[in-house]
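Report on one structure; see the data block that follows.
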Amino acid sequence: MTHLGERLTALVDGELGHDERDRALAHLAACDLCRAEADALRALKRRLRAMGDADPGERLLARLQAMGEPGDP
């Protein structure tokens, strides 16, 4: 866990308000540990975005659709 805790994820995701974002960025400017973790989170987020949407496949879709049919437990 970093000094910023869950606020670090919120910062990377753009979920912090203006004042809290400024405080977090000021902390990153002085804290190598948190800055490295922020860089790793940003890289992970880029990699996940680059993967695109997952294709569930026809068999899975058919099974999910069958689950919602009347009379099925």
- request: Grab the other residues whose beta carbon is less than 12 angstrom from that of Leu16, score K and R as +1, D and E as -1, and report the net.
  value: -3
task: Please determine, in degrees from 0 to 90 and to the nearest 10, the orientation of helix 32-51 with respect to the longest principal axis defined by the Cα atoms of the chain, where the helix direction is its Cα long axis.
output: 30
- prompt: Between Ala40 and Glu20, what FRET efficiency comes out of the Förster formula 1/(1 + (r/R0)^6) with R0 = 22 Å and r the beta carbon distance, rounded to 0.05?
  reply: 0.55
- line: If every Lys and Arg gets +1 and every Asp and Glu gets -1 at its Cβ, then about the Cα centre the chain yields a dipole, in debye to the nearest 20, of 280
field: Within the accessible area of the chain (1.4 Å probe), percent carbon and sulfur
entry: 54
Relative contact order of the range 1-66, defined on C-alpha pairs under 8 angstrom at six or more residues apart (%): 31
query: Under a 1.4 Å probe, what is the accessible area of the chain per residue, stated in Å²?
result: 82
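Mean 1/r over all different Cα pairs, inverted: what Kirkwood radius does the chain give, in Å?
So the Kirkwood estimate lands at 15.3 Å.
The values are calculated or read from the model by the stated rules, or taken from the named source; none is laboratory data. Being a predicted model, the structure only gives us computed values, none of them experimental. All Cβ positions, even for glycine, are placed from backbone atoms using ideal geometry, and neighbour counts span all protein chains on display. Ligands, DNA and RNA are stripped out before the accessible areas are found, and what is left, the full protein with its side chains, is counted by its heavy atoms. Shrake-Rupley method; radii C 1.70, N 1.55, O 1.52, S 1.80 Å.
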